[in-house]
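See below for the structure under consideration.
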Amino acid sequence: MYNYWRNLQKSACRRSETQEENERNFISDLNNLFDIAHGNALEIIKIEEDRKFLLSQREPGRRGCLMGIDMKLAKREIRALLRVIEQENRRAKAHHSLLGI
């Protein structure tokens, strides 16, 4: 696989149909390469949802994936929530001060 990739790199500047087809084939092979599940995984797995997930991972195009939490998005959501809470507190404080006068 490595040698195949190195050969593609050597002719990367060529934009022929053959080169582009070879690159597409390499990407396709690379996407299908990373099935690291146990050989008998489908027999071992007891939970049906997990079996479906494994089968979906083995399909071309991979419908689902496992990823960690998007920390940037999580921080943005927390900041937005804090802003809303602070704004509500300011409104409540202003409302109470108007009622006290």
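Six or more apart or on different chains, Cβ atoms under 8 Å: show the pairs whose first residue is in the range 65-92 and within 29 Å of Asp50 (Cβ to Cβ) and whose second is surrounded by 10 or more Cβ atoms within 10 Å (Cβ to Cβ).
The qualifying pairs are Cys65/Gln57.
Could you list, in sequence order, all residues of the range 24-70 that are at pLDDT below 85, over 15 Å from the mean Cα position of the chain (by Cα), surrounded by 12 or more Cβ atoms within 10 Å (Cβ to Cβ) and not in a helix (DSSP H, G or I)?
Ala37
If we keep just the residues of the range 1-23 that are part of a helix (DSSP H, G or I) and hydroxyl-bearing (Ser, Thr, Tyr), which is nearest to the chain's Cα centre (by Cα)? Quick ask: steps written out before the conclusion?
Here is the first cut: in the range 1-23, the ones part of a helix (DSSP H, G or I) are 2-10, 17-23.
Add one more test, that the residue is hydroxyl-bearing (Ser, Thr, Tyr), and what stays is 2, 4, 18.
Details: Tyr2: 25, Tyr4: 27, Thr18: 31 Å.
Among those that are part of a helix (DSSP H, G or I) and hydroxyl-bearing (Ser, Thr, Tyr), it is Tyr2.
The values are calculated or read from the model by the stated rules, or taken from the named source; none is laboratory data. Model, not experiment: these values are computed from the prediction. No Cβ is skipped: glycine too gets one built from the backbone with ideal geometry, and neighbour counts run over all protein chains shown.
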